[in-house]
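First the structure, in the form of structure tokens, and then the observations on it.
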Amino acid sequence: MKSIRIFFIFLICSLDLLSSCSTTNSNDNTQQESEKKDVTKSIKKDSRKVIIFYGNSLTAGYGLEKEQSYPSIIQTTYDSLNIPYKCINAGLSGETTAGGKNRIDWVLNQNKPDIFVLSLGGNDALRGLDPKSSKQNLIDIIDIVKAKNPNCKILLAGIVPPPNMGEKYFNEFKLIFPQVSKEKNTFLLPFLLKGVAGNETLNQKDGIHPNIEGTKIVASTVMTALKPLL
């Protein structure tokens, strides 16, 4: 009788052990499936192509909330349309073409771009810097980007200098962008602030930086220029 009792105790313990193992295996499988899904999501996220918007305060979104900058507006629009691009805002207020040239290696070390939107030169014009130097800096930046990724498509966004710099300077500076675009075989957006510059209702009090409504127009202008590159 005692041996029978021992047998049943052994049998119950064995069944409990098997049940415990089954539960553990089930939990492990669930966790593994969860991890697989996380990895898949990560791969999908990382598989998006990268657009770097490289510019000054106009790109950074000076005077606006982060999500109101034109690269952020473009990202929101692309997400809503399931366009698989990750938009990186690499704008820096006050940046000149020389500063952009010095900073470019650091930016490229963070992300390898498939599309590069270059929008520098505004601060050069405001400071009356030599157009020849500005032009060479833009060429150097493009060359550095191409060395990082030869297949990268580049959109060069131009600006128009203020008229108070004089007619000679004005004419020389505005030619920089079509000249660079032709020499380096890039896509060209002739004027980043088309439809916005000079309109008080679309700019902040300084008359230079677009307000929210003006930035929406800039975003639309850039998206139109980006269509052939996508």
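None of the figures in this text is laboratory data; all of them are computed from the coordinates on show. Remember, predicted model here, so these are calculated numbers, not experimental data. No Cβ is skipped: glycine too gets one built from the backbone with ideal geometry, and neighbour counts run over all protein chains shown.
Table for the structure above
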{"item": "Cα-centred dipole magnitude for region 49-227, charges only on beta-carbon of K, R (+1) and D, E (-1), debye, nearest 20", "result": "480"}
{"item": "Filter on LYS101/LYS168; LYS112/LYS146; LYS86/LYS174; LYS49/LYS132 - keep pairs with C-alpha separation over 22 Å", "result": "LYS101/LYS168; LYS86/LYS174; LYS49/LYS132"}
{"item": "GluC sites (Glu not before Pro) restricted to DSSP loop in region 44-153 with at most 13 other C-beta within 10 Å", "result": "GLU65"}
{"item": "R0 of 25 Å, Cβ-Cβ distance LEU188-GLN136: FRET efficiency to nearest 0.05", "result": "0.90"}
{"item": "Cut-off 20 Å (backbone N to label point 7 Å along Cα→Cβ of ILE144), residues of region 177-198", "result": "177, 180-181, 183-187"}
{"item": "Fraction of the pair-distance distribution of region 49-227 above 19 Å, Cα-Cα pairs, percent", "result": "54"}
{"item": "Length-normalised contact order for region 49-227 - Cα pairs under 8 Å, 6+ apart - percent", "result": "23"}
